[in-house]
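Participant: A single structure is presented below for examination.
The values are calculated or read from the model by the stated rules, or taken from the named source; none is laboratory data. Keep in mind it's a predicted model, so treat the numbers as computed, not measured. With ideal geometry, Cβ positions are generated from the backbone for all residues, glycine too; neighbour counts draw on all protein chains shown. Just so you know, the surface numbers come from the protein's heavy atoms only, side chains and all, with ligands and any DNA or RNA stripped out. Shrake-Rupley method; radii C 1.70, N 1.55, O 1.52, S 1.80 Å.
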Amino acid sequence: ETFPSHLISDVPQQEFERSVLAAHDRAFEEQKYLPRLWDLIESMGISGKARKKAYDAVEEGRKVALTYMKEASSPDEVKAFFSRWADSTVQQLSKATQGEPESALTEEQATRLFHGLI
């Protein structure tokens, strides 16, 4: 009813519903997770530009890791997700800090942050 019919007329109903559910689940998880991320970063005393860079890097790292996720119920897949999330976060942070990610988030802080998010 609210989607333009010409855009979804060729999409099978089941595929459309699956896409809507996936978008809902993704948005729900983000709304649950992002405030927790902000609170954790703030509780570590990270402030100013470093806080924003750390927040953005962790958020983007999670999005990258999610693109590789296939079977969320598989222990190996979950382990791979967290590994990709951490690796991608460091890569994003490195880009944002011109190759010096520890200037925004030390290794100890990153460890505490990921433990707090898990």
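Participant: For region 23-118, report the accessible area per residue in Å² (1.4 Å probe, heavy atoms, rounded to an integer).
Facilitator: Details: 6160 Å² over 96 residues.
About 64 Å² of surface per residue is accessible.
Participant: Roughly speaking, to the nearest percent, how much of the chain's 1.4 Å accessible area is carbon and sulfur?
Facilitator: For the chain, the apolar C and S fraction of the accessible surface comes to 53 percent.
Participant: Among residues other than K53 whose Cβ falls under 13 Å from its Cβ, what is the net charge (Lys/Arg +1, Asp/Glu -1)? Could the numbers behind the result be given before it?
Facilitator: Numbers: positive: K49, R51, K52, K95; negative: D56, E59, E60, E100, E102.
With Lys, Arg at +1 and Asp, Glu at -1, the neighbours total -1.
Participant: With θ taken as phi - 60° and the coefficients 6.51, -1.76 and 1.60, list the Karplus ³J(HN,Hα) couplings across region 95-103 in order, rounded to whole Hz; mark glycine and proline as x.
Facilitator: 4, 5, 10, 6, x, 10, x, 5, 6
Participant: Hey, what do the phi angles of region 32-42 turn into as Karplus ³J(HN,Hα) couplings, whole Hz, using 6.51/-1.76/1.60 and θ = phi - 60°, x for Gly and Pro?
Facilitator: With the stated coefficients, region 32-42 comes to 7, 8, 4, x, 5, 4, 4, 4, 5, 4, 5 Hz.
Participant: Based solely on its DSSP helices, what 222 nm [θ] is calculated for the chain when runs of n ≥ 4 H residues each add -39,500 (n - 2.57) and the sum is averaged over all residues, nearest 500 deg cm²/dmol? Provide the component values of the computation, followed by the final result.
Facilitator: On the way: 5 runs with 89 residues, N = 118.
Mean residue ellipticity, 222 nm, calculated: -25500 deg cm²/dmol.
Participant: Please name which of T89, H115, T67 has its Cα lying farthest along the dipole of region 58-118 towards the positive end, using unit charges on Cβ (Lys, Arg +1; Asp, Glu -1) and the Cα centre as origin.
Facilitator: With unit charges placed on the Cβ atoms, the residue in question is T67.
Participant: ³J(HN,Hα) across region 71-79 via Karplus (A = 6.51, B = -1.76, C = 1.60, θ = phi - 60°), whole Hz, x for Gly/Pro?
Facilitator: 10, 5, 8, 7, x, 5, 5, 5, 4
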